[in-house]
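Student: Starting off with a structure, shown below.
The values are calculated or read from the model by the stated rules, or taken from the named source; none is laboratory data. Predicted model only: the values in this text are computed from it and were never measured. Backbone-built Cβ (ideal geometry, glycine too); neighbour counts: all protein chains shown. Keep in mind that these areas ignore ligands, DNA and RNA; they rest on the heavy atoms of the full protein, side chains included. Shrake-Rupley method; radii C 1.70, N 1.55, O 1.52, S 1.80 Å.
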Amino acid sequence: MPKNKKIERSANYSYYSDLLWCTVPLIGMSWYFYGLRPVLLLLVALLTAYLCDCVLAPLHGTGYQSHEPSSECFAALIVLMMPASVSYPIVIAAVIIAVLVKEAFGGEGHYPFHPAAVGVVVAGISWPKNVFSYPAPGTQLPLFGDANVPLVDGMNATLRDGGLPSASTMSLLTGNVSAAIGTSAALVLIACGLFLLVRGRIHLSVVIPFFIFVIGLPWLFPGLNELPAFSLPWEYIRQRFYLEKYVILSGTALFGGLFLICEPVTMPDRRMSRIIYGAALGIMTYVFRTFSPYECAVCCALLIVGSIPEWLDLISHRTERIRFMREEEQRLANAAKPE
């Protein structure tokens with residue numbers, strides 16, 4: 001490749017750059033609660049992703065240059081969905097898995113499954129106690145080595161068992177709860193979501209159906225021990241509101257809806273397909289949150305629903321083509337009618 005040839009950035013370069021900028025305030029909040037360990041975890045993940053790209057670059061042929069920081073973005077998302085106490089080898093393994101998944105399907109712009117979701121799910125299944133157990137906020141973790149501190153299960157474990165967590169609304173909003181590095185501070189997440197929305201990185205045709213089902217299904221089927229097995233939606237309103245607070249503000253539902261499901265490569269292209277895609281993600285997130293022992297319900301949902309976007313686009317395209325042909329036939333029939 002000529003030395004003076006300019007490397008063109010990919011169409012998704014700005015998307016991944018904006019997501020990387022959003023990691024800064026989230027890591028800052030975790031730094032405040034746990035010390036410098038989350039910052040170092042992020043740096044290790046970013047370095048691992050960069051080195052993986054360098055090692056795998058020869059597979060793309062001579063003169064290959066990466067056009068976007070997607071691997072680094074996936075590495076940052078993986079760290080944000082893990083506890084501050086997680087060990088460095090687990091983070092490195094999850095990032096390597098994510099990059100390998102990306103490259104296995106052709107690299108940039110070709111992967112059908114969200115690489116960060118794959119990395120978190122594989123790491124969570126392999127080391128569930130390390131990935132889905134969290135230190136108490138305010139615990140100053142050691143910078144290096146294993147963090148031998150008391151850990152607790154995430155709030156989804158309480159919800160799955162039919163109970164309600166005890167965390168206050170203010171704690172949920174500010175991140176003063178035992179949760180993953182980047183998923184607990186709801187106010188910061190909402191601010192980042194508004195930034196991404198203004199920048200055009202969030203597609204409401206996906207996000208709105210997703211949250212309709214993430215919120216609506218627990219309202220219809222709360223599954224709380226203190227409620228009867230079957231109750232009408234307008235009964236026990238107070239308990240249902242408390243449940244919705246924890247469903248939205250704890251776990252990965254809010255984080256996943258803002259940072260994961262609008263990934264431009266894995267998301268469908270057509271508007272109607274995106275509506276169905278978002279609704280399917282919301283339904284599967286509810287299923288995994290209710291029946292799965294893992295905290296990463298959105299990631300699991302992305303792996304299941306990630307297999308259908310191309311089919312949705314194909315069906316939508318054929319439907320639109322059939323409708324256009326019928327409208328054209330009707331127009332020609334009307335034009336052939338005598339005055």
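Student: Which of the following residues is in contact with a Lys or Arg (Cβ under 8 Å, 6 or more places away or on another chain) and at pLDDT 85 or above: PRO115, PRO135? Working first, answer last.
Tutor: Numbers: PRO135 fails: in contact with a Lys or Arg (Cβ under 8 Å, 6 or more places away or on another chain).
Of the residues listed, the single one that is in contact with a Lys or Arg (Cβ under 8 Å, 6 or more places away or on another chain) and at pLDDT 85 or above is PRO115.
Student: Which one of GLY162, GLY182, GLY175 is within 26 Å of VAL265 (Cα to Cα) and either open to solvent by less than 60 Å² (accessible area, probe 1.4 Å) or modelled with pLDDT under 90 (or both)?
Tutor: GLY182
Student: Go through the stretch 191-207 and report how many residues are without any contact (Cβ under 8 Å) to a residue 40 or more places away in the chain and either more than 16 Å from ASP18 (Cα to Cα) or among the β-branched types (Val, Ile, Thr) (or both).
Tutor: 2
Student: Answer yes or no: is there a residue in the stretch 24-40 that is modelled with pLDDT of 90 or more and outside any helix (DSSP H, G or I).
Tutor: Yes: the stretch 24-40 contains one or more residues that are modelled with pLDDT of 90 or more and outside any helix (DSSP H, G or I).
Student: Filter the stretch 197-211 down to the residues that are hydrophobic (A, V, I, L, M, F, W, C) and assigned to a helix (DSSP H, G or I), then identify the one that is surrounded by the fewest Cβ atoms within 10 Å (Cβ to Cβ).
Tutor: Going residue by residue through the stretch 197-211, those that are hydrophobic (A, V, I, L, M, F, W, C) are 197-198, 202, 204, 206-208, 210-211.
If we keep only those that are assigned to a helix (DSSP H, G or I) too, we end up with 197-198, 204, 206-208, 210-211.
Numbers: LEU197: 15, VAL198: 10, LEU204: 12, VAL206: 25, VAL207: 20, ILE208: 15, PHE210: 27, PHE211: 19.
Ranking the qualifying residues of the stretch 197-211, first place goes to VAL198.
Condition check ((1) β-branched (Val, Ile, Thr); (2) under 26 Å from LEU164 (Cβ atoms)) across all residues:
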residue	(1), (2)
ARG199	no, no
ILE212	yes, yes
PRO222	no, yes
ILE248	yes, yes
GLY256	no, yes
ASP269	no, no
ILE275	yes, no
GLY282	no, yes
ARG289	no, yes
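Student: Only one of these is closer than 23 Å to GLU72 by Cα, open to solvent by 40 Å² or more (accessible area, probe 1.4 Å) and among the hydrophobic types (A, V, I, L, M, F, W, C): LEU194, LEU187. Name it. Outline the logic, then answer.
Tutor: Details: LEU187 fails: closer than 23 Å to GLU72 by Cα.
Answer to the check: LEU194.
Student: Would you confirm whether or not the stretch 113-136 contains a residue that is over 23 Å from PHE74 (Cβ atoms), open to solvent by 20 Å² or more (accessible area, probe 1.4 Å) and over 20 Å from the mean Cα position of the chain (by Cα)?
Tutor: yes
Student: What's the total number of residues in the stretch 242-290 that are touching a Cys at 6+ places or on another chain (Cβ under 9 Å), outside any helix (DSSP H, G or I) and of a type in the set (A, V, I, L, M, F, W, C)?
Tutor: 1
Student: If I filter the stretch 231-239 for residues that are open to solvent by 70 Å² or more (accessible area, probe 1.4 Å), more than 25 Å from THR183 (Cβ to Cβ) and of a type in the set (Gly, Ala, Ser), do I get at least one hit?
Tutor: No, the stretch 231-239 has no match at all.
Student: Select from the stretch 268-293 the residues that are in contact with a Phe, Trp or Tyr (Cβ under 6 Å, 6 or more places away or on another chain) and among the aliphatic types (A, V, I, L, M) and write down the one among them that is surrounded by the fewest Cβ atoms within 10 Å (Cβ to Cβ).
Tutor: Checking each candidate, the answer is ALA279.
Student: Which number in (1) open to solvent by 30 Å² or more (accessible area, probe 1.4 Å); (2) at pLDDT 85 or above; (3) not charged (D, E, K, R) marks the one condition that GLY106 misses?
Tutor: Among (1) open to solvent by 30 Å² or more (accessible area, probe 1.4 Å); (2) at pLDDT 85 or above; (3) not charged (D, E, K, R), the lone unmet condition for GLY106 is (2).
Student: Among the numbered criteria (1) of a type in the set (Ser, Thr, Tyr); (2) open to solvent by 40 Å² or more (accessible area, probe 1.4 Å); (3) assigned to a loop (DSSP other than H, G, I, E, B), which single criterion is violated by TYR50?
Tutor: All conditions are met except number (3).
Student: In the stretch 164-176, which residues are over 17 Å from ALA297 (Cβ atoms) and assigned to a loop (DSSP other than H, G, I, E, B)?
Tutor: LEU164, SER166, ALA167, SER168, GLY175, ASN176
Student: If you check LEU227 against the conditions, is it more than 25 Å from TYR34 (Cα to Cα) and either surrounded by fewer than 17 Cβ atoms within 10 Å (Cβ to Cβ) or among the acidic types (Asp, Glu) (or both)?
Tutor: The answer is yes for LEU227.
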